[in-house]
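Engineer: Take this structure, written in structure tokens, and hold onto it; I'll ask about it next.
The values are calculated or read from the model by the stated rules, or taken from the named source; none is laboratory data. Fair warning: this is a prediction, and the values are worked out from it, not measured in the lab. Cβ: placed from backbone, ideal geometry, glycine included. Neighbour counts: every protein chain shown. These accessible areas exclude ligands, DNA and RNA; they are computed on the full protein's heavy atoms, side chains included. Shrake-Rupley method; radii C 1.70, N 1.55, O 1.52, S 1.80 Å.
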Amino acid sequence: MIWCILALVLFVIEMFSGTFYLLVISASFLSAGLAEWLLHTSNNTNAILATFFSLIGIIIVRVWQKKHPRENKAKASDSPDYGQIVILSKPLTGDLWQVQYRGTIWQARFTQPTHAKAGDTAHIISHNGNILNLTLSASTNHQE
């Protein structure tokens, strides 16, 4: 019975997070609860079942997420920011840049490898969450 209660609690929490991971674990706990009810399995066996199904489910979710990235595939006409110019401030960790746009600091990344440097300009072509996707401008040197 405890497995079904845990499954229900995780299911409710998942409704607020939307990650699918808690949904997978909830389904795994439900399978352990059903095994306990139908087959009278021990808690150790139920824990092994829940762990096994959780791992398999999480792997399936990760593979699906890699095949279906959440990047915004919108058209340039869908956002007034698309096509606008940003000024590169400094490189950050990985492939991220700190850029100046609309009077504030944003994080951005280039969609193609580039040899950009601080002070260059780039165009916004899309976004992924709060990270702007850029392409290097034809005129890369920005004088203030």
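Engineer: For residues in the stretch 76-102 being of a type in the set (D, E) and loosely packed, with under 13 Cβ neighbours inside 10 Å, which is modelled with the lowest pLDDT? I'd like the intermediate steps shown before the answer.
Structural biologist: Here is the first cut: in the stretch 76-102, the residues of a type in the set (D, E) are 78, 81, 95.
So of that shortlist, the ones also loosely packed, with under 13 Cβ neighbours inside 10 Å come out as 78, 95.
Values: D78: 65, D95: 83.
Among residues in the stretch 76-102 that are of a type in the set (D, E) and loosely packed, with under 13 Cβ neighbours inside 10 Å, the one modelled with the lowest pLDDT is D78.
Engineer: Can you name the residue in the stretch 108-129 that is farther than 17 Å from P69 by Cβ and β-branched (V, I, T) and is also modelled with the lowest pLDDT among such residues?
Structural biologist: The qualifying residue modelled with the lowest pLDDT is T114.
Engineer: Next up: Note down all Cβ pairs under 7 Å where the first residue falls in the stretch 130-144 and is at pLDDT below 55, the second is in a strand (DSSP E or B) and polar (S, T, N, Q), and they're at least six residues apart or on different chains.
Structural biologist: Sorted first by the residue in the stretch 130-144, then by its partner, the pairs are T140/T121; H142/T121.
Engineer: Take I105 and decide whether it is surrounded by fewer than 17 Cβ atoms within 10 Å (Cβ to Cβ), β-branched (V, I, T), within 19 Å of the chain's Cα centre (by Cα) and modelled with pLDDT of 85 or more.
Structural biologist: no
Engineer: Something else: Give me the pairs, please: first residue somewhere in the stretch 25-51 and under 17 Å from L10 (Cα atoms) and in contact (Cβ under 8 Å) with a residue 40 or more places away in the chain, second residue anywhere and open to solvent by less than 60 Å² (accessible area, probe 1.4 Å) and of a type in the set (A, V, I, L, M, F, W, C), beta-carbon distance under 8 Å, and either six or more positions apart or on two chains.
Structural biologist: What qualifies is N46/W3; N46/A32; N46/A35; A50/W3; A50/I25; A50/F29; A50/A32.
Engineer: Within the stretch 84-118, which residues are among the aromatic types (F, W, Y) and either assigned to a loop (DSSP other than H, G, I, E, B) or touching a Lys or Arg at 6+ places or on another chain (Cβ under 7 Å) (or both)?
Structural biologist: Taking the stretch 84-118 as the starting set, the residues that turn out to be among the aromatic types (F, W, Y) are 97, 101, 106, 110.
Within the stretch 84-118, W97 is the sole residue that qualifies.
Engineer: Could you check the stretch 3-30 and list, in sequence order, the residues that are of a type in the set (G, A, S) and under 22 Å from Q65 (Cβ atoms)?
Structural biologist: S17, G18, S26, A27, S28
Engineer: Would you point out the residue of the stretch 23-48, among those that are within 28 Å of the chain's Cα centre (by Cα) and of a type outside the set (S, T, N, Q), that is least open to solvent (accessible area, probe 1.4 Å)?
Structural biologist: So the first thing to find is which residues in the stretch 23-48 are within 28 Å of the chain's Cα centre (by Cα), and the list is 23-31.
Filter once more, so that each one left must be of a type outside the set (S, T, N, Q): 23-25, 27, 29-30.
Working: L23: 61, V24: 25, I25: 43, A27: 60, F29: 42, L30: 80 Å².
Restricting to residues being within 28 Å of the chain's Cα centre (by Cα) and of a type outside the set (S, T, N, Q), the top hit is V24.
Engineer: Looking at the stretch 117-134, which of its residues are open to solvent by 20 Å² or more (accessible area, probe 1.4 Å) and of a type in the set (A, V, I, L, M)?
Structural biologist: A118, I125, I131
Engineer: When both residues are 6+ apart or on different chains and their Cβ atoms are under 6 Å apart, which pairs have a first residue that lies in the stretch 94-122 and is more than 11 Å from L134 (Cβ to Cβ), and a second that is surrounded by 15 or more Cβ atoms within 10 Å (Cβ to Cβ) and of a type in the set (S, T, Y)?
Structural biologist: Qualifying pairs under 6 Å: Q98/S89; Q100/S89.
Engineer: Out of R62, R70, I need the residue that is basic (K, R) and either open to solvent by less than 50 Å² (accessible area, probe 1.4 Å) or at pLDDT 90 or above (or both). Which one?
Structural biologist: When all the criteria are applied, what remains is R62.
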